[in-house]
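The values are calculated or read from the model by the stated rules, or taken from the named source; none is laboratory data. Keep in mind it's a predicted model, so treat the numbers as computed, not measured. We place every Cβ from the backbone using ideal geometry, glycine too, and count neighbours over all the protein chains shown. Heads up: the accessible areas ignore ligands, DNA and RNA and are worked out on the full protein's heavy atoms, side chains in. Shrake-Rupley method; radii C 1.70, N 1.55, O 1.52, S 1.80 Å.
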Amino acid sequence: DQPRSRGLGDVYKRQDGVSVKAEEKPDALLLYYPVLDNSPGAYSNQAFLNNYREISPYHHLSASFPPTLIISGSEDNLAKATMLIDTQQQLEKQGVNCQLEIIPSGVHPLFSYREIPLGKTLETRDRIDQLSRAFVQRLGW
């Protein structure tokens, strides 16, 4: 049985504004430096202010979430470690297998070829690859 790849939530909003319940959910989530909270005071902008509860994954955490791997950097100013730790704790409280890996000194994005020396970028990419492979192998894939 091959894992499926779909959107993040059970409900999504189409471009015409109609909310639709997804027929399928992903078997697992591998989230790299994810911005999970779009509420005011978190990562937000004018476009999100009126509907952040609908689009912000943090506001849809539930026991129905699939096993989740979150990887981010300790110095990420968009996917802040404190939010990711809270997300992991909330999911685990609901019985969801959630692994969080914070890469020391990692920024947003983790493998930014423009700001990080190439050797460090490759080292980070290889670490993310190792963590991702180990996670999906533990799930039986």
- Within the stretch 45-98, of all residues that are within 14 Å of the chain's Cα centre (by Cα) and among the aromatic types (Phe, Trp, Tyr), the one farthest from Arg138 (Cα to Cα) is Tyr58
- Query: Using beta carbons and a limit of 8 Å, which pairs, at least six apart or on different chains, have the first residue in the stretch 105-127 and at pLDDT 60 or above and the second one hydrophobic (A, V, I, L, M, F, W, C) and surrounded by fewer than 16 Cβ atoms within 10 Å (Cβ to Cβ)?
  - Reply: His108/Leu78
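For the stretch 129-141, indicate whether the set of residues that are at pLDDT 80 or above, under 18 Å from the mean Cα position of the chain (by Cα), in a helix (DSSP H, G or I) and among the charged types (D, E, K, R) is non-empty.
Narrowing the stretch 129-141 to residues at pLDDT 80 or above: 129-141.
From what's left, under 18 Å from the mean Cα position of the chain (by Cα): 129-136, 139.
Narrowing further to those that are in a helix (DSSP H, G or I): 129-136.
Those still in the list that are among the charged types (D, E, K, R) too: 129, 133.
Yes, the stretch 129-141 contains at least one residue that is at pLDDT 80 or above, under 18 Å from the mean Cα position of the chain (by Cα), in a helix (DSSP H, G or I) and among the charged types (D, E, K, R).
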- Query: Going through the stretch 52-99 one residue at a time, which ones are open to solvent by less than 30 Å² (accessible area, probe 1.4 Å), within 24 Å of Thr124 (Cβ to Cβ) and not in a helix (DSSP H, G or I)?
  - Reply: Thr68, Leu69, Ile70, Ile71, Ser72, Gly73, Asp76, Ala79, Cys98
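Run down Ala42, Ala47 and say which single residue is at pLDDT below 90, touching a Ser or Thr at 6+ places or on another chain (Cβ under 9 Å) and at negative phi. Give the derivation first.
Numbers: Ala47 fails: touching a Ser or Thr at 6+ places or on another chain (Cβ under 9 Å).
Answer to the selection: Ala42.
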